[in-house]
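One structure below.
Throughout, read-outs are computed from the coordinates displayed, never taken from laboratory work. As the structure is a computational prediction, the values presented were derived from the model and not from experiment. Here the Cβ positions follow ideal geometry from the backbone for every residue, glycine too, while neighbour counts run over all protein chains shown.
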Amino acid sequence: MNERPEPAPAESIALRAFSVLEEIVRAGAPMSLDDVTHASHLPKATAFRILNLLQSADLLRREPQTKRYVVGPRLTSFALDLWRQSTLRAQWRRALEEAVSATGESCNLTILEGDEVLYLDRVETSRALRLHLEPGTRVPLHCTASGKLFLSQMSNEQIRRLLGPEPLKAYTSRTITRYDVLFEDLDRVRETKVGTHDCELFDDSVAIAVPVVDRTGYIYAAVAMHAPIPRQSIESCRSYLPVLNHAAASIGETLIGTYSSPGVLAAKHEG
């Protein structure tokens, strides 16, 4: 029987460091040394050395007050360059263009970036009445459709640490500023796999978002549709969910191969 050779020390360290980065990126909220040790299954001393190494390289940043680790500026810049320069970007844009053609409304692709939503790409509707936002735009998590999807996979404690003390910032009279209300809203998002925005960041504007997930159900991107109130409501937007889920599946297939929709994953987990 041929045994797999043990990795060289340098390779082992590199793989362990990458594993630690994965855990912190996926957590979506600051992680303590104990959190990283538990998640990575590494000895505490080893995890601490790796964290210090990653921090010194600006791949991670340590919050001064909580001493927890978050994604650093160098890692963020690298990740965004990968997304923007990928040869697959044309396929992602085509999926958004098809969604805009089917819905008649603007659609965008977003990711979680720190404590904000980042617009990776966006295709605007040709209609005169529209909300124009450029790729690279950043918007808050607690009052956007995509943001609520990203928050929905965090614990309440993680959300509080990420967003800070209440009241949360109000952008319109409809913005959710209290955690008890936000947590109720996020329970609905977890159940439906749909994030919503109902005049919470922009007046007279609605949006819905669906997740792009990996095989475990982890949400690493979202596809959203925005529309002005005179044309759409949250209820009418929901009629386009099949279109948006198709776009999310098309984008997901380019990134992770065989794509499982959130509905299929939920059925597997229940079974």
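Assorted remarks:
- Here the simple spin-label model places points 7 Å from the Cα toward Cβ, and for T66 and A128 these points are separated by 4.8 nm.
- Using alpha carbons only: equivalent-ellipsoid semi-axes of the chain, gyration tensor based, whole Å: 34, 22, 17
- Close Lys-Lys pairs in the chain, where close means Cα under 28 Å and separation is 8 or more or interchain: 8
- Applying the Kirkwood pairwise sum to the alpha-carbon positions of region 45-170 produces a hydrodynamic radius of 16.9 angstrom.
- A DSSP coil position with no more than 13 other Cβ atoms inside 10 Å describes the following trypsin sites (Lys or Arg not before Pro) in region 104-140: R127.
- Max mean-square fluctuation residue, GNM over the chain, Cα-Cα springs under 10 Å, options T144, T76, T46: T46
- Cα principal axis extents for region 9-72, largest first, Å: 34, 23, 20
- In a fully extended conformation the segment linking E98 and R74 would gain 5.3 nm over its present Cα-Cα distance, using 0.36 nm per residue.
- Degrees separating the helix 9-27 axis from the principal Cα axis of the chain, which is the longest one: 30 degrees
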